[in-house]
1. Please name all residue pairs, on different chains or six or more residues apart, with Cβ atoms under 9 Å, provided the first residue is in segment 201-220 and is on the phi > 0 side of the Ramachandran plot and the second residue is exposed (fewer than 14 other Cβ atoms within 10 Å of the Cβ).
2. Restricting the search to segment 10-58, which residues are within 30 Å of residue 96 (Cβ to Cβ) and surrounded by 10 or more Cβ atoms within 10 Å (Cβ to Cβ)?
3. Just to be sure before I move on: is residue 229 surrounded by 18 or more Cβ atoms within 10 Å (Cβ to Cβ), closer than 20 Å to residue 248 by Cα and in contact with a helix residue (DSSP H, G or I) (Cβ under 9 Å, 6 or more places away or on another chain) in the structure I sent?
């Protein structure tokens, strides 16, 4: 009791000093509490931002290294024929990409797209041009002939007359031939990263990915309006190398691109298949059912009249990597050494 009474007397006897000490302690406590709250809020914001961040990776061909290996010692120029043959021999297949689709390489998930070209059929659906108007089949054929005869082909350019050869790139980001591009998606994750950007559904729904949904497609609102098409309608497109071979497709949805890009990739002289409005979205299973697989090759003729074989579809494979933990390299490679070869 003596200790308690003495303590109370000291508090009462030095009111000013004690009050000042209480105020100082309160200020320090409040400042520490605010600082801790700020640190915790910043950490939560950082964690949330990192959780929302997707780290993606693709494997592609290093054309610079390939040109260097095929450069002629005397002329100093690259041997384009040798480079084309080298590129053709180093194309990665779906099986090659899936070899590295493993958690030990830091891969959390993956998705891919396959892009092929299709031609319009007589009295069928017609593609739209960059102005949103219908382009008839005769005009399109004449345009492609003019392209083949007038436009020079730069060294290493594999875009004239057929599907591009470069692997690992974004599907739909290169010039294609034909009237339409058929883009096959492997999953919802691939749909969310469509080559022409995000889109919204105006009517219908997105197709499924199983064999039960083979033949189901979604088309752009621009293409649907130009041809008076709606959900439930069917239409035909033709193989770009054999117009007697046709594919019947069923519209299950109509979409609009979030960002409207009316100019085809490659400029106004590009094929209408490069126009986002003429992109027909479907599943990879549908392309497989139509025989448009990665193993199929077609003959194309470039601007110089040279005929060669190239793949009928363009494969774009994307790995989504884990944010945490060390990510092992897919493969330690030297110049000119490629995964899967």
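1. That search, which allows pairs on different chains as well, returns 204/230; 204/232; 215/234; 215/248.
2. Result: 54, 55, 56, 57, 58.
3. In short, no.
Every read-out reported here was derived from the displayed coordinates using simple, explicitly stated rules and does not represent laboratory data. Predicted model, so just to flag it, every value in this text is computed and none were measured. Heads up, the Cβs are rebuilt from the backbone with ideal geometry, glycines too, and the neighbour counts pull from every protein chain shown.
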